[in-house]
1. Which label marks the calculated value of Kirkwood radius over Cα pairs in Å, given the options [x] 18.4; [y] 20.0; [z] 19.5?
2. Report the label-to-label distance for R37 and L185 in nanometres (one decimal), using points 7 Å from each Cα along the Cα→Cβ vector.
3. Between beta-carbons, use under 15 Å as the cut-off and find the net charge around T28, counting Lys and Arg +1, Asp and Glu -1.
4. Taking 7 Å along the Cα-to-C-beta vector as the label spot, tell me the S224-T251 distance in nanometres, rounded to one decimal.
5. May I ask you to list the GluC sites (Glu not before Pro) in segment 123-193 that are in a DSSP loop and have at most 14 other Cβ atoms within 10 Å of their Cβ?
6. I want to make sure I understand the PRE zone here: with the label point 7 angstrom from the Cα of S137 toward its beta carbon, which residues in segment 144-167 have backbone N atoms less than 20 Å away?
7. Please report the relative contact order for segment 121-229, taking Cα pairs under 8 Å with a sequence separation of at least 6, and give it as a percent rounded to a whole number.
8. Enumerate the residues in segment 241-255 having an amide nitrogen under 20 Å from the point lying 7 Å beyond the Cα of E76 toward its Cβ.
Amino acid sequence: MQSDRINKIQHHLYSAGFANVQELAEATGASIVTIRRDLQRLEENGIVTRTHGGARLAEAAGPEMAFQSRVQENLEAKRAIGEVAYGLLKPHTTVFLDAGTTVLQLARRLRVEPLPLTIFTNGLAVAQDLVNVEGLSVNLLGGQLRNENLSMVGPYAERLLGEFWFDQLYLGTSAVRGDAQMYTLNPAEASLNRAMIARTSQTILLADASKFESSAPYAVAPISDIQTVITDTGLDAAWKARLAKLKIDTTLVSLGRK
């Protein structure tokens, strides 16, 4: 209950910029006394800055909260996709997990039921979720920190990739556009994603149906470079046909809707 309330406070402050104690009490269903106690604890942890009558997120907390907000988008689909992706993992192999929020759900599933794997990732959140998991050897790629995605990117990260080969790559994407290419929001991320694809035997795209026909500015690679796609049953018929024509192994995950 406390964890849920703290998350609600942080997300409300991220959306509103500033909120007074009464607004936060109404947003969480908690008492004003409880909210004041929560804000004191959050300030001690460097997450919020309290002002007279309310609070705002501390400046350094902004990028992390933006990432956490994206983690919550289409969460049911992301978890279902992560569950299916977990079934494709093979013990005693080397796997790269990218920094996407759907891939993060795979990492969280792996934490629940570990397998003996060597994991590489450029995602800080992915690496953090896999800390001290029995049987995993976790390696974090170096490079330039991209605050918006809590990921490592840049020329140094790409050079490091050239020293490795991966049995599987689990890749997220910001968009798959009508030209049948994957796109992302950052040029350095797009370049690193291309390098990942070039250094793996099997690339598995984890993307909920909302990513198809979405838009982002920087091209990563043609969807035909992917061997496997895991998405949800919201994928429209035209895309199902296109993926089949490209001979891409596609799994459509049911979200349990009645």
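1. Label of the calculated value: [z].
2. 3.6
3. With Lys, Arg at +1 and Asp, Glu at -1, the net is +1.
4. It is 2.6 nm.
5. E134, E163
6. Counting only backbone N, you get 160-167.
7. Averaging sequence separation for qualifying contacts and normalising by length gives 25 percent for segment 121-229.
8. Hits in segment 241-255 for E76 at 20 Å: 251-255.
The values are calculated or read from the model by the stated rules, or taken from the named source; none is laboratory data. What you see is a predicted model, and the numbers here were worked out from it, not measured in a lab. Don't worry about glycine lacking a Cβ; one is built from the backbone with ideal geometry, like all the others, and counts go over all protein chains shown. Areas reflect the complete protein model, heavy atoms only, side chains present, ligands, DNA and RNA absent. Shrake-Rupley method; radii C 1.70, N 1.55, O 1.52, S 1.80 Å.
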